[in-house]
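Each value in this text was obtained by applying a stated rule to the coordinates, not by laboratory testing. The model shown is predicted, which means the values in this text are computed figures rather than measured ones. Cβ sites come from the backbone with ideal geometry, for glycine too, and all protein chains shown count toward neighbours.
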């Protein structure tokens, strides 16, 4: 069925505590994925599946998101639904009811998902099975951080299992992407925090109205630093997001592939960047500096003869000349490290 209105709600009201200190000054939806803000990556994905309006359910740093995103992202109209207090995973759906409408199914996606889940296929399964909710599942080697979803041979959801170390070695887990029929909104209590997984979905399962859809493509939950790094590195190598190919430095620096250089990035004379270096827009690398196996957020400056190894550097950071940033370090955004700073491996520099 051709639909005029197909809406997608991105749940981004959390505080991204597992991504601190990077999330202290930057909303998770603005974290770069191979140089592209996560919200733009998600908008392109949703748009490719026919979604023509996006609603952002936000709380933490919502004003900054509104300024950066505006009314459109990747050509898709955007509206905001702002939580005054955290409402869990289901409460934001009830809060955004007027924006979602009451006539058509809509999509809900957690705001930390990077994937190529096929939106149209999910919607087709949802309508063919007459489900009230359809959940995307993925297979992962270790389901213990996520919990698992049990289904019957026809894909109907039978049970949700909590996070546990005793789950099977290979299992299907909740991918954090759903198709919901408008009637689901009425089952969500208003005015308080509500969990989709613990309060709403179990009722649908008992009534036999919840379907699953198995995803075979790529999927990352970037809500943890380790997964954020893995997503960036693997997508850089696969070029799944069609990021611009790295180019040779015009200033005499050396670029080792695979690497990504954002727009207006400056690489100084004798500098070495890469492999596995991801530099967002407006990053400056000084003469004879070394940056490898690292993710650098936008508008950051790395001084002459500085070394950044295996680290994540937030936005608008200034790293002084001859500084050394040890492997596994994370520096929060908008900080300045004086010349000659030395950070031991796995250092955390807070806001």
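Miscellaneous remarks
- Label-to-label distance, nm, for residues given as residue 128 and residue 230 (7 Å Cα→Cβ offset): 3.1
- Sorted peptide list for 152-160, 28-36, 203-211, criterion being average Cβ within 10 angstrom, highest first: 28-36, 203-211, 152-160
- Helix 119-128 axis versus longest C-alpha principal axis of the chain: approximately 10°, rounded to the nearest ten.
- Label zone at residue 193, where the point sits 7 Å out along the Cα-to-Cβ direction: segment 76-99 residues whose backbone N lies under 11 Å: 85-89
- Rounded to 10°, Cα long-axis angle of helix 225-238 versus longest principal axis of the chain: 80
- Oblate is the label for segment 7-99. Its Cα gyration tensor axes, ordered a ≥ b ≥ c, give a/c of at least 1.5 and b/c at or above a/b.
- Degrees separating the helix 38-48 axis from the principal Cα axis of the chain, which is the longest one: 50
- Å³ per residue enclosed by the Cα convex hull of segment 254-349: 60
- Modelled FRET efficiency - R0 25 Å, residue 154 with residue 121, Cβ distances, 0.05 increments: 0.95
- Computed helical MRE - 222 nm, the chain, DSSP H runs ≥ 4 contributing -39500 (n - 2.57), nearest 500: -4500 deg cm²/dmol
- Fully extending the segment from residue 350 to residue 102 would add 84.8 nm, taking 0.36 nm per residue of separation and subtracting the current Cα-Cα distance.
- Reference-scaled alpha-carbon Rg (2.2 N^0.38 Å with N residues) for the chain: 1.05
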